[in-house]
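Enquirer: Sharing a structure below in structure tokens format, with a few things to ask.
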Amino acid sequence: MFDGLSSRLQATVKRLKGQARLTEDNIQEALREVRMALLEADVALPVVREFIGEVRAKALGKEVIGSLTPGQAFIKVVNDELVRVMGGEGASLNLASQPPAIVLVAGLQGAGKTTSIGKLARLLRERQKKKVAVVSCDVYRPAAIQQLETLAAQVGVSFYPSDTSQRPEQIARAAVERARRELQDVLLVDTAGRLHIDQAMMAEIQTLHQAIDPIETLFVVDAMTGQDAANTARAFGEALPLTGVVLTKADGDARGGAALSVRKITGVPIKFLGMGERSEALEPFHPERVVSRILGMGDVLTLVEEATRQVDQDKAEKLARKLKKGRAFNFNDLHDQLSQMQRMGGIGSLLEKLPGAGQLPDAVKNQTNDREIRRMMAVIGSMTEQERRHPELIKGSRKRRIAAGSGAQIQDVNRLLKQHTQMSKAMKKFSKGGAGKMMRALGGRLGGMGGPGGPGAGGFPFR
């Protein structure tokens, strides 16, 4: 997300290096680049104009204080303004009501409402320890009811059945009563979507809203529609008292115009970002963290939070004890590490959150991709249990069998064996307390990920 905007803003800052002061002359070109970057990101024109005006007013003549360079001073101004445009502080879901807290979800057809409800239900159950129920009021698409039932089972929340012969407000009222009897903390209400905004749809959802009086009314919109997302949200906001926006498919949006336009145009905060198809791929929206990613400063806080949730602490401690006892790091251990990395969103998601990783050459990013992780896991999956525990057994005929079983080439098996050997040596140094030695060992093999080995040197751990 924000790939184009991020690269152009970072390039703009580099041009300001070496200047002693931000002046009209050296900032004019920078502002032109920022304006073009925002327009190419499909940010709404009124938002771009106001943004550029604010940055110009705050940056012109700004003294470079302490060790700050003009580029750093300018990026600080851009950073603060981007955070302000996106809403300042993150807006959390308001569930402070007499249980059940009712959350109504609206949006156009195909925006991802039902999927988002499943993700939100999981987030509330796992992270906030809430007892959650879901119900579908979409009486026009039977598959929507079935889809929600399937999602509810997958994420472990209660599903309240409904039927296409019922009226939406009838379904919702019954669900509220049942949720109250069952002492549910939260009730998520799915609604019918349309291919376009029409009066009948608005009248129906207004009636539904009045019937259940939700504490939260979330509008789900596809981030890839750019500034149209903001315009659609504004149209819905005129019919419903929206309290928040969920931007879906944000992982596929390289521009980011919707995120930069929605809050300014609608006045409604973005509360969540959908970052993939997995049921756990929903992130609370923190403007300051998103801006940090855009400007290439990473998002370490989110990375730490994800690691805390996704990394199996028991397995990590078990591996540490194993290594301290001098036992070898085998393919079962490597498979566990790769699986946990995938649960955290894969290599792409990790790189996006690491400071400075956005400046890595494309050749390096292409080497470190999730397809390679899946290939490695497939090769490991084609091994027998004995081979995974004792990699030294894997010789000629075994290599051929493993390659054939995983759809890989023998060269892929050889590369994985080499990478495993490098990891084993690094882990052994770490287990003996040689953390510094381990980091130097890794540095020579990181390929172009900042290590001295340079691009392609060893390709550790992925290539």
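Nothing in this text is a laboratory measurement; each read-out follows from the coordinates by a stated rule. From a predicted model like this one, the values you see are computed outputs, not experimental measurements. For neighbour counting, all protein chains shown are included, and Cβ atoms are generated from backbone atoms with ideal geometry for every residue, glycine included.
Enquirer: Residues of segment 96-110 with backbone nitrogen within less than 15 Å of a virtual label 7 Å along the Cα-to-Cβ line of Arg173, please, listed as ranges.
Expert: None, by backbone N distance to the label point.
Enquirer: In addition: Whole-Hz ³J(HN,Hα) for each residue in segment 130-141, computed from phi via Karplus 6.51 cos²θ - 1.76 cosθ + 1.60 with θ = phi - 60°, x for glycine and proline: what do you get?
Expert: Karplus values, whole Hz, x for Gly and Pro: 8, 8, 10, 10, 10, 8, 9, 9, 8, 8, 9, 10.
Enquirer: Among Met224, Met275, which comes first, then next, by fewest other beta-carbon atoms within 10 Å?
Expert: Met224, Met275
Enquirer: Can you give me the convex hull volume of the Cα atoms of segment 79-199, divided per residue and expressed in Å³?
Expert: In segment 79-199, the Cα hull volume divided by residue count equals 140 Å³.
Enquirer: Let me ask something else about it. Using alpha carbon centroids, what distance separates segment 81-116 and segment 175-192, in Å?
Expert: About 17 Å separates the Cα centre of segment 81-116 from the one of segment 175-192.
Enquirer: Mind ranking 409-415, 161-167 by how tightly packed they are, going by the mean number of other C-beta atoms within 10 angstrom, highest first?
Expert: Top of the packing list down: 409-415, 161-167.
Enquirer: Report, by chain and number, residues whose modeled amide H sits under 5 Å from the one on Val134, excluding near sequence neighbours (fewer than 5 apart, same chain).
Expert: The list, which skips near neighbours in sequence, is Ser158, Phe159, Tyr160, Leu188.
Enquirer: What does the charge dipole of segment 110-192 about its Cα centre add up to, to the nearest 20 debye, if the Cβ of each Lys and Arg holds +1 and the Cβ of each Asp and Glu holds -1?
Expert: Computed charge dipole of segment 110-192: roughly 340 debye.
Enquirer: Quick one: what do you get for segment 101-297 if you divide its Cα Rg by 2.2 N^0.38 Å?
Expert: 0.97
Enquirer: Report Rg/Rh for segment 369-414, rounded to two decimals, where Rg is the Cα radius of gyration and Rh the Kirkwood radius.
Expert: My calculation puts Rg/Rh at 0.95.
Enquirer: Okay, next question. Can you tell me which of 394-402, 262-270 comes out highest on packing, and rank the rest after it, using the mean Cβ neighbours within 10 Å?
Expert: Per-residue mean Cβ counts within 10 Å order the peptides as 262-270, 394-402.
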